[in-house]
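The values are calculated or read from the model by the stated rules, or taken from the named source; none is laboratory data. Quantities reported herein were computed from a predicted structural model and do not represent experimental measurements. Don't worry about glycine lacking a Cβ; one is built from the backbone with ideal geometry, like all the others, and counts go over all protein chains shown. Quick note on the areas: whole protein, heavy atoms, side chains included, nothing else; ligands and nucleic acids left out. Shrake-Rupley method; radii C 1.70, N 1.55, O 1.52, S 1.80 Å.
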Amino acid sequence: MERTLSIIKPDAVSRNLSGAILKMIQDAGLRVVALKMLQLSKSEAEGFYAVHNQRPFLGSLVEFMTSGPVVVSILEGDDAIARYRKLMGATNPEKADAGTIRKTYALDIEKNSVHGSDAPETAAFETAYFFSKLEMLGLGFMARRHRILRAPATWARPSSRAWPPCRTVTAHGLRIRTPGRPTPWPGTTWPRKPPRPKDLATGWRFTLAAAASKPST
């Protein structure tokens with residue numbers, strides 16, 4: 001299973017073609033495993049296209065890529081890099097095959113609607129440029145790794161087995177608390193349950209009644 005980066009460029013996003021292009025990608029059998037829309041800054045665009053530093057078209061390319069939002073995604077599938085490049089078509093839309101993305105939607109050789117990685121090494125750099133490891137691996141993987149569990153649906157006495165200690169893990173700015181012994185309701189001990197809503201309401205009514213009956217000074 002291989003992964004590659006896709007960018008839907010500003011010319012296509014401005015014409016509201018993101019959905020149509022993503023549909024072509026999925027219809028071709030490639031799976032979208034990560035997706036985001038963002039606005040590139042000049043420095044971000046220059047960093048991404050650093051391989052073209054000595055090319056005369058770099059300035060106009062950076063200006064175009066920062067002219068509006070882009071949609072970046074990671075595509076997954078068998079031989080994903082070659083399959084996506086075939087789906088994109090030639091860089092010059094006039095030379096692209098019929099049925100390709102660029103033949104269908106591109107405006108010219110620069111505003112050619114999409115970008116795709118051209119080699120495994122390039123794909124590794126480009127996917128890491130836009131997506132963190134957590135975004136690439138997916139929360140499902142992190143949940144399995146750190147055993148994130150839902151809170152119990154009801155408050156009940158825990159089983160007699162020994163509970164492991166809780167542990168907080170920080171991954172890419174996300175604080176994840178691994179499961180341990182459930183924390184009892186503040187001020188109670190097992191197997192007592194939290195106050196029922198009507199008990200809380202009664203307490204508030206008593207407090208309000210007492211306040212209302214207190215003589216003013």
One residue from ALA20, ALA28 being under 18 Å from LYS111 (Cα atoms) and out of contact with any Pro (no Cβ under 8 Å at 6 or more places or on another chain): ALA20
From LYS86, LYS103, which residue is at pLDDT 95 or above, more than 26 Å from GLY47 (Cβ to Cβ) and loosely packed, with under 14 Cβ neighbours inside 10 Å? LYS86
Evaluate the following for ILE74: is it crowded, with 17+ Cβ neighbours inside 10 Å, touching a strand residue (DSSP E or B) at 6+ places or on another chain (Cβ under 7 Å) and part of a helix (DSSP H, G or I)? no
Can you spot a residue in region 130-137 that is open to solvent by less than 50 Å² (accessible area, probe 1.4 Å), at pLDDT 90 or above, over 25 Å from PHE57 (Cα atoms) and under 26 Å from the mean Cα position of the chain (by Cα)? yes
Of (1) surrounded by fewer than 19 Cβ atoms within 10 Å (Cβ to Cβ); (2) over 22 Å from the mean Cα position of the chain (by Cα); (3) over 26 Å from ASP27 (Cβ atoms), THR91 satisfies all except one. Which? (3)
Any pair with Cβ under 8 angstrom, 6 or more apart, that starts in region 115-131 at a residue that is in a strand (DSSP E or B) and ends at one that is modelled with pLDDT of 95 or more and open to solvent by 60 Å² or more (accessible area, probe 1.4 Å): GLY116/ARG85
Quick check on region 150-168. Is at least one of its residues charged (D, E, K, R), open to solvent by 90 Å² or more (accessible area, probe 1.4 Å) and at pLDDT 95 or above? no
Consider region 76-106. How many of its residues are β-branched (Val, Ile, Thr) and closer than 15 Å to LYS9 by Cα? 3
Give the residues of region 41-66 that are surrounded by fewer than 16 Cβ atoms within 10 Å (Cβ to Cβ) and part of a loop (DSSP other than H, G, I, E, B), sorted by residue number. SER41, ASN53, GLN54, ARG55, PRO56, PHE57
Among (1) part of a helix (DSSP H, G or I); (2) touching a Ser or Thr at 6+ places or on another chain (Cβ under 9 Å), which single condition is LEU35 missing? (1)
For LYS111, only one of the following conditions fails: (1) surrounded by 16 or more Cβ atoms within 10 Å (Cβ to Cβ); (2) modelled with pLDDT under 95; (3) under 22 Å from PHE131 (Cα atoms). What is its number? (3)
